[in-house]
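**Q** Questions regarding the structure given below will be posed in turn.
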Amino acid sequence: MTAAPIAGDILAHLEAQLGSARRLLAQVLRQSGAIRCRDVDGVLATMTDIQGEMAARGRLESERTQLLWRAGSMLGIPAEAVTLAELTGLMDDDDADEARTRSAELRGMLAEVEREHAINRALMRQELAFVEHLTRMLGGMPQSGGYGPDPGARAAARQHSPHHVVDYEA
């Protein structure tokens, strides 16, 4: 089978997607380090970088949609029905193998980005819960949960303690 002109476009697109996913993973990992070091400026800088890469990924998704429309019209099926198997059917064996390899690598890398991003979100929630706890503690506001004993337990403990020298609740 002779390679269709779309084969080169598909491989180039997959390579562009991989490059974007690599950059995104690097940024998410840098963000993780910044969160763990409590480097606020680093966290904010990586958020900006991640937003920029997500905008670039949006453009890549538009290109992907165009490729799927082209492939769909070549195959006589709707774009949303085009799968990797159909795409590789438009390619010679070497290009098809390369497309499958790049696609698998891309899926793995995006799964890694998703996993690391979920970890970062959990770490950020922990840090923000701790900041909220400190803010409430310093402001004399009741705790909303998460850190420290609940306010009812503190009040009960004060009632059972006959010797209150200093009230640490502030």
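Throughout, read-outs are computed from the coordinates displayed, never taken from laboratory work. From a predicted model like this one, the values you see are computed outputs, not experimental measurements. Don't worry about glycine lacking a Cβ; one is built from the backbone with ideal geometry, like all the others, and counts go over all protein chains shown.
**Q** Could you work out the local net charge near ARG64, counting Lys and Arg as +1, Asp and Glu as -1, over the other residues with Cβ closer than 15 Å to its Cβ? Can you show the working numbers first?
**A** Values: positive: ARG57, ARG59, ARG70, ARG102, ARG107; negative: ASP9, GLU15, GLU61, GLU63, GLU80, GLU86.
Once all neighbours under 15 Å are counted, the net charge is -1.
**Q** Can you give me the relative contact order of the range 5-147 as a percent, contacts being Cα pairs under 8 Å and 6 or more apart? Each step should come with its number before you reach the end.
**A** Values: 106 pairs, mean separation 46.1, N = 143.
It rounds to 32 percent for the range 5-147.
**Q** With a Förster radius of 35 Å, plug the Cβ-Cβ distance of ALA111 and HIS133 into 1/(1 + (r/R0)^6) and report the FRET value to the nearest 0.05. Walk me through the numbers on the way to the answer.
**A** Numbers: r = 33 Å, r/R0 = 0.95.
Approximately 0.55, to the nearest 0.05.
**Q** Choose one of SER32, ALA12, ILE50: the residue whose Cα lies farthest towards the positive end of the charge dipole of the range 5-147 (beta-carbon charges +1 Lys, Arg; -1 Asp, Glu; about the Cα centre).
**A** Among SER32, ALA12, ILE50, the one farthest towards the positive end of the dipole of the range 5-147 is SER32.
**Q** Using θ = phi - 60° and the Karplus curve 6.51 cos²θ - 1.76 cosθ + 1.60, what whole-Hz ³J(HN,Hα) does each residue of the range 110-125 get, with Gly and Pro shown as x?
**A** Rounded to whole hertz, the list is 5, 5, 5, 4, 4, 5, 5, 5, 4, 5, 4, 4, 5, 4, 5, 4.
**Q** Taking the Cα centre of the range 5-147 as origin and charging only Cβ (+1 Lys, Arg; -1 Asp, Glu), how large is the dipole, in debye to the nearest 20?
**A** Values: 16 positive and 22 negative charges, 180 e Å.
Using Cβ point charges on Lys, Arg, Asp and Glu, the range 5-147 gives about 860 debye.
**Q** Putting +1 on Lys and Arg Cβ atoms and -1 on Asp and Glu Cβ atoms, find which of LEU84, ALA99, VAL113 reaches farthest to the positive end of the dipole of the range 5-147.
**A** Towards the positive end, the residue furthest out is VAL113.
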